[in-house]
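The values are calculated or read from the model by the stated rules, or taken from the named source; none is laboratory data. Keep in mind it's a predicted model, so treat the numbers as computed, not measured. Reconstructed Cβ throughout: ideal geometry from the backbone, glycine too, with neighbour counts over all protein chains shown. Please note that ligands, DNA and RNA were not included when accessible areas were found on the heavy atoms of the full protein model with its side chains. Shrake-Rupley method; radii C 1.70, N 1.55, O 1.52, S 1.80 Å.
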Amino acid sequence: MKNLVLWLVIFVAIIALYQLVNTPRTGYEEIPYSEFLTNVETGEVKDVVFKGEEIKGEYADSSDSETKSFKTIGPASEQLLTTLEEKGITFKFDSDKEGSLTSILLNWAPLLLLVVIMVFFMRQLQAGGNKAMSFGKNKARMLNENQNKTTFKDVAGVDEAKEEVQEIVEFLRSPKKFTKLGGRIPKGILLVGPPGTGKTLLAKAIAGEAGVPFFIISGSDFVEMFVGVGASRVRDLFAQAKRHAPCIIFVDELDAVGRHRGAGLGGGHDEREQTLNQLLVEMDGFESNEGIIVMAATNRPDVLDPALLRPGRFDRQVVVPRPDVRGREEILKVHSRNTPMEDDVELSVIARSTPGFSGADLENLVNESALHAARFSRMKITMDDFEYAKDKVIMGVERKSMIISDSEKKITAYHEAGHALVAKLTPGTDPIHKVTIIPRGMALGVTQQLPIEDRYTLSRTNLNGTIMVLLGGRAAEEIVFGERTSGAGNDLERVTEIARRMVCEWGMSEKVGPITFGKGDEQVFLGKEMSQTKKYSEETAMDIDSEIKSIVTGNYEKAKHLLEENIDILHMVAEVLLDKEVIDGKELEEIIKNNKPTNYPSPWDNPISPEGSMAFRDNNIKDT
Ligand code: ADP
Ligand code: MG
Ligand code: ZN
């Protein structure tokens with residue numbers, strides 16, 4: 001249809017063009033019929049051509065080239081012809097029919113075009129209408145048994161979650177077995193966990209194992225501009241699922257539709273709310289023995305509407321956490337299945353040095369290592385490739401080309417040495433993995449600490465230690481140069497945050513006591529926190545501020561004191577750093593051990609208690 005219109009337009013254009021070219025633009029003088037008659041009488045006309053009503057001719061006296069030809073409209077009357085004959089003027093008739101097709105087309109072209117365009121638009125409108133109809137259709141992708149090749153083997157390191165969902169697979173394989181005993185399988189299963197931990201992967205694996213159709217749809221696919229569309233999509237999805245039962249419906253990123261109702265600006269009946277209501281209705285509307293299981297994934301269970309979580313809906317929550325050391329090793333194994341590796345590669349070492357990495361991070365790590373190995377045309381991935389990739393993922397890319405003045409380099413070296421030395425001399429902090437003054441990402445230098453094991457609770461000693469380490473950079477600068485630089489900005493930011501949480505969230509201050517004070521500015525946009533107001537008095541606010549300040553300044557003094565006492569070692573570490581640019585944990589230990597520092601109950605003498613330090617992902621210290 002579109003083509004046809006295009007051809008028609010081209011055709012008409014060509015004709016118009018032809019006509020334009022064919023019509024002489026000049027040379028014809030338009031004259032009145034009466035003047036023509038007079039001219040004939042006076043014998044000024046040489047010859048005449050009749051064409052329909054049009055009369056064209058040439059003047060006898062053609063010395064003046066500009067008015068050689070003329071044109072007029074009038075009847076070729078009997079009398080005129082007689083006169084012409086008398087005067088001896090040659091005349092002929094041109095067929096009016098000639099070119100009639102073009103003229104007809106030309107006459108009709110605008111109308112034709114209009115009709116064509118009308119038809120075209122009608123079509124378009126109709127198509128649009130169809131689309132409007134199909135708005136209500138769900139956008140779920142259906143993976144059936146044959147397309148879906150993911151199995152539990154592909155999911156590693158989340159054994160508990162896997163075990164929990166195993167039951168679902170059993171049910172889908174042989175529903176009778178369960179229903180015969182009157183058992184009721186949960187209708188809805190909610191996978192909860194941080195991004196990249198394999199929630200989507202797990203859901204696909206369930207479908208793959210169970211060998212049933214698997215409808216996958218993202219929460220945001222329901223939401224459309226028009227009110228009511230989401231709801232009708234939900235209806236359609238469930239209707240479709242019922243036809244394919246037993247099957248699994250998987251709503252990824254459920255929080256896109258499942259947010260707390262009544263929250264957010266504007267309030268009232270918005271589209272999302274209707275969609276959510278429909279989802280609730282549908283989930284109530286089928287029995288679990290119909291063989292439909294609704295699964296959903298989210299990394300924000302806290303913003304979900306409570307109605308979604310009540311029994312009969314998503315009554316079972318499966319937590320998919322970040323993997324622990326063993327889990328990370330398993331995941332690395334899964335992703336390096338098809339990657340040739342040197343014998344020196346020890347996945348357990350890599351797993352140990354990547355605390356806080358999610359499955360997706362680890363997959364990325366393996367990929368980066370492979371790319372790095374490929375860049376050097378190696379056939380196998382080495383440990384160095386992994387080390388490089390890890391540094392890149394954690395600390396950003398090295399910026400070797402960045403030009404830094406010597407004095408700036410010196411300040412950075414002392415700053416990093418300060419971090420490293422304080423870390424070494426303060427019990428309860430994580431061992432130093434690497435110190436470097438090669439700029440990386442936004443940082444001029446990096447001190448990287450790695451915990452010996454994953455930690456889930458933070459003790460006050462650990463937190464104070466962490467604050468001291470973070471402040472060690474600034475303290476070293478102040479001692480050596482008597483000057484403060486902007487390089488410590490990021491350190492201070494993190495210190496303040498830790499101190500604030502110690503006081504406000506973890507009840508670690510005597511003066512304020514074991515009370516929590518809101519989650520600060522952790523605002524979920526459109527979340528219920530919007531309405532949160534400060535729930536404590538001005539006095540308490542002042543107490544909080546002064547406690548935060550005293551934690552920070554106290555630790556700063558301690559760090560400074562520690563460095564002053566070991567100023568020789570600080571100089572030494574800084575010099576080695578300036579010389580070699582990178583020091584690893586072992587070298588640092590050598591330097592310090594050989595110089596007998598004061599305050600030496602160091603981490604390697606008394607191993608850190610299991611309730612160790614940072615469980616944050618960003619276990620490294622960055623300077624900007
Ligand atoms: P989520 O849905 O939790 O955000 P995904 O399931 O999309 O995370 O995970 C992204 C990718 O990370 C997966 O495709 C997979 O390659 C990898 N991955 C994540 N977790 C795991 C895991 N536990 N085992 C193996 N691979 C994983
Ligand atoms: Mg996902
Ligand atoms: Zn720093």
Problem set entry | Single match in 494, 474, 484 (criterion: open to solvent by 20 Å² or more (accessible area, probe 1.4 Å), closer than 30 Å to residue 401 by Cα, of a type in the set (Lys, Arg) and part of a loop (DSSP other than H, G, I, E, B)) | 484
For this session: Determine whether region 315-334 contains at least one residue that is assigned by TED's automatic domain parsing to the domain that holds residue 276, open to solvent by less than 60 Å² (accessible area, probe 1.4 Å) and of a type in the set (Gly, Ala, Ser).
Result: no
Exercise. In region 448-471, what count of residues is obtained for those that are open to solvent by 40 Å² or more (accessible area, probe 1.4 Å), within 21 Å of residue 588 (Cβ to Cβ) and not β-branched (Val, Ile, Thr)?
Worked result: 1
Problem set entry | Top-ranked residue of region 369-411 - restricted to ones that are surrounded by 18 or more Cβ atoms within 10 Å (Cβ to Cβ) and acidic (Asp, Glu), ranked as farthest from residue 323 (Cα to Cα) | 385
Problem set entry | Filtered residues of region 313-344 (kept if outside any helix (DSSP H, G or I), among the β-branched types (Val, Ile, Thr) and more than 15 Å from residue 367 (Cβ to Cβ)) | 318, 319, 320
For this session: Look through 429, 412 and report the one residue that is polar (S, T, N, Q), away from ligand 3 (no atom under 11 Å from the Cβ) and not assigned by TED's automatic domain parsing to the domain that holds residue 350.
Result: 429
Problem set entry | Every pair of residues 6+ apart whose Cβ atoms lie under 7 Å, when the first sits in region 235-254 and is closer than 15 Å to residue 216 by Cβ and among the small types (Gly, Ala, Ser) while the second is modelled with pLDDT under 85 and more than 16 Å from ligand 3 (Cβ to nearest atom) | 241/247; 241/292
Problem set entry | Output for region 197-217, where each listed residue is open to solvent by less than 30 Å² (accessible area, probe 1.4 Å) and either within 15 Å of ligand 1 (Cβ to nearest atom) or free of Cβ contacts under 8 Å to residues at least 12 places away in the same chain (or both) | 197, 198, 199, 202, 203, 205, 206, 207, 208, 214, 216, 217
Problem set entry | Residue list for region 378-413, filter: more than 28 Å from residue 478 (Cβ to Cβ) and free of Cβ contacts under 8 Å to residues at least 12 places away in the same chain | 378, 384, 387, 401
Exercise. Does region 507-541 hold any residues that are at pLDDT 85 or above, surrounded by 15 or more Cβ atoms within 10 Å (Cβ to Cβ) and of a type in the set (A, V, I, L, M, F, W, C), and which are they?
Worked result: 508, 512
